[in-house]
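Report on the following structure.
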Amino acid sequence: MTPGEAQIKLHESWKSPLLDEFSQPYMQELRQFLAEQKRLGKQIYPPGNLIFNALDSTPFDRVKVVILGQDPYHGAGQAHGLCFSVPAGVATPPSLGNIFKELQADLGIPIASHGCLSSWAEQGVLLLNAVLTVEATKAASHEGRGWERFTDAVVRLINAQKSHVVFLLWGSYAQKKGAIIDASKHLVLKSPHPSPLSAHRGFLGNRHFSKANAYLRGNGQQEINWQLAEQG
C-alpha cells in the first residue's frame, strides 16, 4: 500500500507534497493491516487501483471544490474511490439521490440517470472520503486505522497552499474534519448530511451548488458544470 506499488494510481501532483505521509509509521501499519485483511480472505472496497481515485482524478493544482465524505460504500460494485459516487450502471444510493434532488431544486438540473460523479472530479471537485477503504458489508470497519490522519493531511495541504477553494461539509462528521479550514481564505459551506435520515433538516434547500459557483465566479475561476453527462 505505497504509491510505488504498481496497482496504486495517484496523480503525480500529489506525490511530492504527500511523500512524508507515505513514509510515516502509521501508513506502514495501515499497509500491513490491509495486507493481513486480504490474507484472511476479506473483501475490501474499493479495488486496490481505485483506493486513491479521488487524488488521481483531481490533480492538486486543479482543486476548486472539496466534498468530504466518511467512508466508501460497502456494497458490491458500489465504491470506486470517489465519495458519494458509484460507477455507471450501479443503482443510485439514497444520499446521492438527495444530492441530485438539491441540484434540481437549486440549479434546475434534471435528475441524473446514473451516479458516476467522475465528470465533477475532472473539473476540480475533490470527492474525498475520510477513510479510503472498507470491508464488504461492514460500514466504518476501517475507521481508526490511519486513513483519517492521511486525509487530514490532504485537507491541511489544500488549506495551506491554495486559496478560494469551496469546502462542502455535509453532516457533523465532515464538519469536524473540516475544522482546520481557514474560512478567511476559503468558502466553507455547512449543512446536514444528504442521508434520508437528515436531508430534510437542512440539506435540501441549502443551495450549496449555486453558492459554490457564485464564489468561484467571483474569484475569477470557471464554474463547475454540475450536470452529469449521459453514460453510453
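The values are calculated or read from the model by the stated rules, or taken from the named source; none is laboratory data. This structure is a prediction, so every number in the text was calculated from the model and none was measured. Every residue, glycine among them, receives a Cβ derived from its backbone with ideal geometry; neighbour counts consider all protein chains shown. Ligands, DNA and RNA are excluded from the accessible area calculation, which covers all protein heavy atoms including side chains. Shrake-Rupley method; radii C 1.70, N 1.55, O 1.52, S 1.80 Å.
Structure data summary
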read-out: Low-density loop positions, trypsin sites (Lys or Arg not before Pro), the range 142-197 - DSSP coil, at most 13 other Cβ in 10 Å; value: K185
read-out: Whichever aspartates and glutamates have a C-alpha closer than 16 Å to that of K138, once near sequence neighbours (fewer than 8 apart) are set aside; value: D71
read-out: S113 accessible area, 1.4 Å probe, all protein chains in place, Å² to nearest 10; value: 80
read-out: Length released on extending from A105 to R201, taking residue separation times 0.36 nm less the Cα-Cα span; value: 33.0 nm
read-out: Relative packing of peptides 122-133, 86-97 - highest average C-beta neighbours within 10 Å first; value: 122-133, 86-97
read-out: Chain lengthening between A229 and K15 when straightened (0.36 nm per residue, less Cα-Cα); value: 74.0 nm
read-out: Accessible area expressed per residue, the chain, with surrounding protein chains retained (probe 1.4 Å, Å²); value: 45
read-out: With all protein chains modelled, accessible area of E29 [1.4 Å, Å²]; value: 120
read-out: Heavy-atom accessible area order for Y26, Y215, largest first, 1.4 Å probe; value: Y215, Y26
read-out: Whole-Å distance, taken between Cα centres, linking the range 1-70 and the range 158-182; value: 20
read-out: Label-zone membership for the range 44-85, site F22, 7 angstrom Cα→C-beta point, backbone N under 18 Å; value: 48-61
read-out: Nearest-ten-degree value, helix 25-39 long axis tilted from longest Cα axis of the chain; value: 80
read-out: Diffusion coefficient, µm² s⁻¹, Stokes-Einstein with Kirkwood Rh over alpha-carbon pairs of the range 1-130 at 10 °C and 1.306 mPa s; value: 100
read-out: Square roots of five times the Cα gyration tensor eigenvalues for the chain, Å; value: 27, 21, 16
read-out: Accessible area, probe 1.4 Å, largest first, for residues I8, I111, I180; value: I111, I180, I8
read-out: Built amide H within the under 5 Å cut-off of V66, gap 5+; value: L126, V166, F167, L168
read-out: Entries of K9/K176; K101/K190; K64/K101; K15/K190; K15/K64; K9/K101 with Cα pairs more than 21 Å apart; value: K9/K176; K64/K101; K15/K190; K9/K101
read-out: Gain on full stretching of the segment that runs from L157 to A136 - 0.36 nm per residue minus C-alpha separation; value: 4.5 nm
read-out: Listed residues D152, D106 arranged by accessible area, highest first, probe 1.4 Å; value: D152, D106
read-out: C-alpha long axis of helix 147-161 to longest principal axis of the chain, angle in °; value: 50
